[in-house]
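The values are calculated or read from the model by the stated rules, or taken from the named source; none is laboratory data. Keep in mind it's a predicted model, so treat the numbers as computed, not measured. Cβ: placed from backbone, ideal geometry, glycine included. Neighbour counts: every protein chain shown.
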Amino acid sequence: MRQKELLDLIATYSRIEFPRKGQLRSRKVIFRTNYKHVSKFQSVKCGIRTVHAESVNEYNFIMTLEFDHTVVYFLEQPFKLYYVDDEGNVRFCFPDFLIYYDDGRMKIVEVKEASEAKKPETERRFELEELALRHHGYEFEVVTKEDIERGLRLENSRDLKHRLRLLVNPILRDRVLNALGSVDMSGFELCREIYGLTDDDLLSMLAHGCISTDLSKPLSPASIYSAVKRRPIFYEQQLRALERRCI
């Protein structure tokens, strides 16, 4: 089938089916047969919501999303996607994650083992899925275990997860944000300038999304921090997608 014919069929038959009112996920994740293998992540970013992960890779990916300051919100099993295969048949799938970014982007991510993602039939299915998703305004990416574990981002996210239990001192937080209002500063500079501030305070603020730094680098007093600059509301396109859900 020619690409133009395929795109025409996608425009005609591809659609997104969101969960019914009152449901968060489009597909049930936990069953009697697999409940021991499903991990749960308590996400502060998602409003103290329990996020379900069907594998270790998904759990680790969720952890990196939680502490990525460019991520506003994310959902697992967000909707049912109908797409068209090479024979013109309408098929469906349940994407793994939908991510809302602070620049207005909405991205679907499939988390797969590299061996599975490299299979020709899987690669083609993802290509067709991407065509359908782009028709509906979503970006698409396949993420593997190697992608998730590359560099220090996952290790730093694990450290920050434990710091979510710590409360952020509102007075110190406001002083840090004021200091970072016009210029980025290292942890050492901030602790020297703000009386009573410690590196642990900064890491707690980082965990709670008050400030940001490059999580691909080691976390230390030399880390350069910035105030998180984000629009206080979702972008219009993101809001339209969220309004179809009961969140």
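Check every one of the helices (runs of 4 or more DSSP H) wholly within region 39-136 and list those with 2 or more residues that are surrounded by 14 or more Cβ atoms within 10 Å (Cβ to Cβ).
Details: elements: 56-66, 114-117, 120-135.
Answer list for region 39-136: 56-66, 120-135.
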Mind checking whether some residue in region 132-145 is among the aliphatic types (A, V, I, L, M) and within 23 Å of residue 59 (Cα to Cα)?
yes
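Kindly indicate whether residue 92 is out of contact with any Lys or Arg (no Cβ under 7 Å at 6 or more places or on another chain) and closer than 28 Å to residue 235 by Cβ. Before you say what the answer is, go through the steps one by one.
Values: out of contact with any Lys or Arg (no Cβ under 7 Å at 6 or more places or on another chain): no; closer than 28 Å to residue 235 by Cβ: yes.
Considered against the rule, which asks whether it is out of contact with any Lys or Arg (no Cβ under 7 Å at 6 or more places or on another chain) and closer than 28 Å to residue 235 by Cβ, residue 92 comes out as no.
From 190, 219, 154, 202, grab the single residue that is modelled with pLDDT of 95 or more, assigned to a loop (DSSP other than H, G, I, E, B) and surrounded by 16 or more Cβ atoms within 10 Å (Cβ to Cβ).
Residue meeting the stated conditions: 219.
Does residue 100 qualify as being under 16 Å from residue 16 (Cβ atoms), in contact (Cβ under 8 Å) with a residue 60 or more places away in the chain and under 11 Å from the mean Cα position of the chain (by Cα)? Full working, then the answer.
Working: under 16 Å from residue 16 (Cβ atoms): yes; in contact (Cβ under 8 Å) with a residue 60 or more places away in the chain: yes; under 11 Å from the mean Cα position of the chain (by Cα): yes.
Here the answer is yes, as residue 100 does meet what is asked.
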Is it true that some residue in region 115-128 is closer than 30 Å to residue 239 by Cβ and under 17 Å from the mean Cα position of the chain (by Cα)?
no
Residues (part of a loop (DSSP other than H, G, I, E, B) and modelled with pLDDT of 95 or more) located in region 166-182
180
Pairs returned, first residue in region 143-168 that is closer than 19 Å to residue 116 by Cα, second residue that is part of a helix (DSSP H, G or I) and of a type in the set (Asp, Glu), beta-carbon separation under 9 angstrom, 6 or more apart or interchain, are 144/116; 149/155
In the list 174, 201, which residue meets the criterion of being within 22 Å of residue 45 (Cα to Cα), outside the structural domain of residue 67 (by TED's automatic domain parsing), under 25 Å from the mean Cα position of the chain (by Cα) and acidic (Asp, Glu)?
201
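Under the condition of being surrounded by 14 or more Cβ atoms within 10 Å (Cβ to Cβ) and over 30 Å from residue 11 (Cβ atoms), which residue from region 137-148 is nearest to the chain's Cα centre (by Cα)?
Initially, region 137-148 is screened for residues surrounded by 14 or more Cβ atoms within 10 Å (Cβ to Cβ), giving 138-145, 147-148.
Imposing the further condition that a residue be over 30 Å from residue 11 (Cβ atoms) reduces the set to 144-145, 147-148.
Values: 144: 14, 145: 15, 147: 14, 148: 12 Å.
Per the stated criteria, the residue is 148.
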